[in-house]
Amino acid sequence: MHEDSARLNYQALHALHEAALSISGELSLEKTLQQIVDVTRKLVSAEYAALGIPNAEQQLEAFIHSGIDEDLVQKMGHLPQGKGVLGAIIREKRPFRLRNISNHPKSVGFPPHHPHMESFLGVPIVGGDVVYGNLYLTNKMGAAEFSPEDEALVQMLASHAAIAIQNARLYAEVERLAVLDERSRIGMDLHDGVIQSIYAVGLTLETARLSLPEELEDTNGLLETAVSQLNRSIQDIRNFIMDLRPRRFRGDLKQGISQLVREFQANTMIPIEMTIDESLGNAHTFSKTKAHTLFLTTQEALANIARHAEASQVDLSLALEDKWVTLEIADNGKGFDLKGKNQKIGHGLSNMETRAQEQGGRFKLDSELGQGTTICITLPISN
């Protein structure tokens, strides 16, 4: 009996080791998350497994699953949203091991077409003080419930998963910085080369138009149209450059945002009503990291407005209240349908939300077709 137990423990540890190696070898975040789910389901013989990523409001913004047929997923309409027992794991940050999930007081039941689930094991994925997500497993194969040994294995795997997620995010950040350097070089070439050439052609055409006799109205009209089209092309390229060449943050938040606003207005001709709390002109006490987060959010939001919003007015405010600093940027552009917003990890809006969460803050997005878009990020002042 003792030999059987030792053999089973060895097999479990060997499987854990192989699973950890498999996960740590993947550098794509989305593939890492899917790998974690697939490996965990196999490791503890669960019929279904999933990994939930919570947002700042402690609700699930991403849900990666394993074992559920895609046709069934479509019939379900939407994946879990972090309510009931799943929400309890997010809030309480501790494992839940249940013989029957439906019997738990916090259970809210299952939606139509949801597969039948009884035994349940949920474990948070934690790295330091950061909760990266939660692992969920249901329907233990060959047993009525998950064992304490299963829980211990999944907790160990969750520790490896936290490191793998950190590695994937760091790798993505390194790639992003490399792309930014290349984009900056391209933007400089466009500004110093292409725009100057187009501008020179426009001046030549304008000179030619002015030298023509007044009676050549048709020719004058054609040249005037050509000059206008060239000016519009210059404007389009400037908008593109603004997205290609993000400004480096030099530590002064008020100065940095003011510079972004000036460049945005010069490139797009869209007026911005800017309100910045006067106390930000003093040496304020929130960290450079938080200031950098607000700068990056402003930069990305203005680039999105320039490229997509078709707005005629932008309002930007940066305010301090109690122990919080709040940045709000609103445009009166075409807006979009929030229900159809791409939830894929790595999306620009998700980047804003992720930055806010990493600084212990909140991110809110409001938009409606034809009614413009508002983003709001609130960060704690204390370090």
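Annotations for the structure displayed:
- Amide H partners (placed H, <5 Å) of Gly133, local residues excluded: Ile125
- For Val325, the residues whose amide H sits under 5 Å from its own are Leu379, Ile381, ignoring neighbours fewer than 5 places away on the same chain, with H placed 1.01 Å from N.
- Put in order of Cβ neighbour count within 10 Å, fewest first, the listed residues Tyr132, Tyr48 become Tyr48, Tyr132.
- Prolate is the label for region 278-339. Its Cα gyration tensor axes, ordered a ≥ b ≥ c, give a/c of at least 1.5 and a/b above b/c.
- Classification of region 249-383 by its C-alpha gyration tensor yields an oblate form. The axis ratio a/c (a ≥ b ≥ c) is 1.5 or more, and b/c is at least a/b.
- Ranking of Ile270, Ile257 by count of other Cβ atoms within 10 Å, fewest first: Ile270, Ile257
- Per-residue 3J(HN,Hα) values for region 123-134, derived from phi via the Karplus relation 6.51 cos²θ - 1.76 cosθ + 1.60 with θ = phi - 60°, read 9, x, 9, 10, x, x, 9, 9, 9, 8, x, 9 Hz in sequence order (x marks Gly and Pro).
- Taking each of Lys254/Lys364; Lys93/Lys254; Lys31/Lys334; Lys31/Lys106 in turn, the alpha-carbon distance tops 26 angstrom for Lys93/Lys254; Lys31/Lys334; Lys31/Lys106.
- Remark: Lys254, Lys93, Lys106, Lys140 ranked as Lys93, Lys106, Lys254, Lys140, counting other beta-carbon atoms within 10 Å and listing the fewest first.
- Phi angles across region 315-326 convert, under the Karplus curve 6.51 cos²θ - 1.76 cosθ + 1.60 with θ = phi - 60°, into 3J(HN,Hα) values of 10, 10, 9, 10, 10, 10, 8, 6, 10, 10, 10, 10 Hz, Gly and Pro given as x.
Only the coordinates and a few stated rules stand behind these numbers; no lab work does. What you are looking at is a predicted structure, and each value in this text was computed from that prediction instead of being measured. Every residue, glycine among them, receives a Cβ derived from its backbone with ideal geometry; neighbour counts consider all protein chains shown.
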